[in-house]
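Derivation of every value follows stated rules applied to the coordinates shown; laboratory data play no part. All values derive from a computational prediction rather than experimental measurement. In this analysis, Cβ positions are derived from the backbone assuming ideal geometry, glycine residues included, and neighbour counts consider all displayed protein chains.
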Amino acid sequence: MKKITKICCIGAGYVGGPTMSVIAKQCPEIQVTVVDINQDRIDQWNTDDLDTLPIYEPGLKEIVGERRGKNLFFSTEVDKAIDEAQMIFISVNTPTKTYGKGKGQAADLKFIELCARNIAKVAKDDKIVVEKSTLPVRTAQAIQNILDNTGNSVKFEILSNPEFLAEGTAIEDLIHADRVLIGGNDTPSGQAAKDALSAVYEHWLPKERILQTNVWSSELSKLVANAFLAQRVSSINTISALCEKTDANIQEISRAIGFDSRIGPKFLNASVGFGGSCFQKDILNLVYIARSYGLNEVADYWEQVIIANDYQKSRFAENIISSLYNTISGKKIIIYGWAFKKDTNDTRESAAIAVADALLEERAEIIVYDPKVSEERIYADLDYLNTRSPEENRRLLKVTKDPVEVTKDAHAIAILTEWDEFKTYDWKTIYKQMLKPAFVFDGRRLLDNDTMQEIGFNYYKIGQS
Ligand code: NAD
Ligand code: UDX
């Protein structure tokens, strides 16, 4: 088996950056080069001030600081990195298509195809090409076709190695991965490629956690894993609505059912709805794939997970409006948290965007505080919806760096991300300076019911009447 000494990763994003940093840390003898066409992003990865890396993940800056310039490099020289590497990871974005056939559901594979064509054009010796991006089942076949028909007759072995890290815990998830999945051909060269990639992970993971499968199972497993996880959140969120009508308590239910070892306690936190770049996109893609094979019932089943999630977000916003006497026009509402979960600066598909948009439709005056998300990002997320003009968004919604001061004369606070710091605020001071009755709508079940009520708040916690 050929030993891998040079790796290239195309795509320096939330997956490429942390994954390659961990490989570089755990495999000092492997040279890892992460390339991207986005010059700004690469400049940010190369910044001297490690607090301004493009991605915030606990533990990431320490690893980049340790390995960068030694065996970890960030560059825009895509062709050079492809040429030099024996193993090339493709970790580019695969967003939901916004145009043409499959619009709104299918994965947009244009970036993947561009990468495959680029590899075919540049490669002068045999390469192992690794699908790291999340892809529809059977994409490897399309990549193989492109590589075999446009290349310089060099031999390519394609592997599927989907990434299971979650944002906010990426480094921890990579270092202590539950499992690594490697799909490849059952031919001798396919087996050799799978073993070469296994050897990289065996630097720090026990062999029994590295699973080898055929390519198609590996590609499909990633979509299925995300669909199952998202389904749990949507399932518990539908029950949170029922709890609010019946005096049952969602936390007690999560605990009660989670004790059943067949169900387990994880991923049962009721919330304002799941967000993130993966769940919605991957389920929509699964729905599209099922429908394209004529499996309408299968497609409908999974689509309901998304419908339930949309319901949870709009239900939360409607509750704010009705609690504030059915009129929020001109009322000052503070949003705590814009990221789709704590410990990340990623806002893709964040529930906060949908909730803010619904409140803005009712002409509320919104002020947002998030410890890690930039003002530009918040406005970009809102503008992308196209619900109203960018000027209108900037007029109605402001962004603050001072979460406590801003609550002066506010009518309500909505907690939309579970940042730990929200628990440490001086809620008595906040209460004193808000207008009365002072409302807190807790979409993350972060605060204590009794304490908040004792202070005097009208406190609504999702899943509790
Ligand atoms: P991202 O948008 O953060 O990063 C993708 C990067 O690829 C961007 O910087 C972009 O400039 C670059 N890129 C696009 N086309 C390129 C090209 N032709 N050449 C060079 N660079 C190019 O995306 P991400 O969140 O890292 O996700 C990447 C993939 O991993 C997706 O398929 C996603 O579904 C999957 N995934 C994401 C997560 C997650 O938590 N974000 C987890 C598991 C899997
Ligand atoms: C997810 C998968 O967990 C990960 O394995 C995959 O590789 C990428 O997609 P990520 O989107 O980064 O990771 O975060 P995750 O922790 O899964 O949370 C997704 C969303 O669900 C967040 O908005 C989170 O707040 C929400 N969630 C999660 C809940 O509302 N309740 C829960 O119990 C768990």
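Each residue, Asp260 and Asp178, gets one label point 7 Å from its Cα in the Cβ direction; the gap between the two is 1.9 nm. By the beta-carbon count within 10 Å of each Cβ, the least crowded to most crowded order of Val34, Val298, Val122, fewest first, is Val298, Val122, Val34. Measuring between their Cα centroids, segment 284-331 and segment 1-55 lie 36 Å from each other.
Is segment 6-213 rounded, prolate or oblate when judged by the Cα gyration tensor, a ≥ b ≥ c being the square roots of its eigenvalues, rounded requiring a/c under 1.5 and prolate requiring a/b larger than b/c? In terms of gyration-tensor shape, rounded. Using a cut-off of 18 Å between Cα atoms, the listed pairs Lys222/Lys341; Lys3/Lys194; Lys341/Lys423 include Lys222/Lys341 as exceeding that distance.
The H on the amide N of Thr213, modeled in the peptide plane, is under 5 Å from the matching H of Ile182, Gly183, Gly184, each at least 5 residues off or on a different chain. For Ile112, Ile42, the sequence from fewest to most other C-beta atoms within 10 Å is Ile42, Ile112.
Based on DSSP H segments of at least four residues, each scored -39500 (n - 2.57), the chain has a per-residue ellipticity at 222 nm of -13500 deg cm²/dmol.
Note on segment 169-202 and segment 214-275: Cα centroid distance 28 Å, given to the nearest whole angstrom.
Shape of segment 1-108 from its Cα gyration tensor (a ≥ b ≥ c, root eigenvalues): rounded if a/c is under 1.5, otherwise prolate when a/b > b/c, or oblate? Present the calculation step by step, with values, prior to reporting the outcome.
Numbers: a/c = 2.04, a/b = 1.38, b/c = 1.48.
Judged from the Cα gyration tensor, segment 1-108 comes out oblate (a/c at least 1.5, b/c at or above a/b).
D by Stokes-Einstein for segment 162-317, Kirkwood Rh over Cα pairs, 10 °C, 1.306 mPa s: 89 µm²/s.
For segment 311-462, report the translational diffusion coefficient in µm²/s to the nearest whole number, using Stokes-Einstein at 37 °C, 0.692 mPa s, and a Kirkwood Rh over Cα pairs. Mind dumping the intermediate values first?
Numbers: Rh = 15.2 Å.
Calculated translational D: 216 µm²/s.
Our analysis of the chain gives Rg over Rh at 1.00, with the two radii drawn from alpha carbon positions and Rh computed by the Kirkwood formula. For the residue pairs Lys127/Lys281; Lys80/Lys121; Lys245/Lys331, alpha carbon separations beyond 18 Å are given by Lys127/Lys281; Lys245/Lys331. FRET efficiency for the Gln433 to Glu84 pair, using the beta carbon distance and R₀ = 51 Å, is estimated at 0.30. Modelled label positions at Val404 and Gln191, each set 7 Å beyond Cα in the direction of Cβ, lie 6.5 nm from each other. Ordering Val180, Val154, Val15 from the fewest to the most neighbouring beta carbons within 10 Å gives Val154, Val180, Val15. The stretch between Ala248 and His203 holds 11.4 nm of extra length on full extension. This uses 0.36 nm per residue minus the Cα-Cα distance.
Could you check what % of the DSSP bridge pairs in segment 6-213 are antiparallel, to the nearest 5? Could the numbers behind the result be given before it?
On the way: 2 of 29 bridges.
In segment 6-213, approximately 5 percent of DSSP beta bridges are antiparallel ones.
Rounded, prolate or oblate, given the Cα gyration tensor of segment 189-228, with a/c below 1.5 counting as rounded? The shape class here is oblate.
Couplings 3J(HN,Hα) for segment 421-428, derived from phi with the Karplus relation 6.51 cos²θ - 1.76 cosθ + 1.60 (θ = phi - 60°), are 4, 4, 6, 8, 5, 7, 5, 5 Hz, where x marks Gly and Pro.
Shown here is the pair-distance distribution of segment 408-465: with all Cα-Cα distances grouped in 5 Å bins from zero up to the longest one, the shares run 4, 20, 33, 28, 13, 1 percent. Residues whose amide H falls under 5 Å from that of Met434, counting only those 5 or more places apart or on a different chain, are Asp409, with hydrogens built in the peptide plane. Relative to the longest principal axis of the Cα atoms of the chain, the long axis of helix 139-150 makes an angle of roughly 40 degrees.
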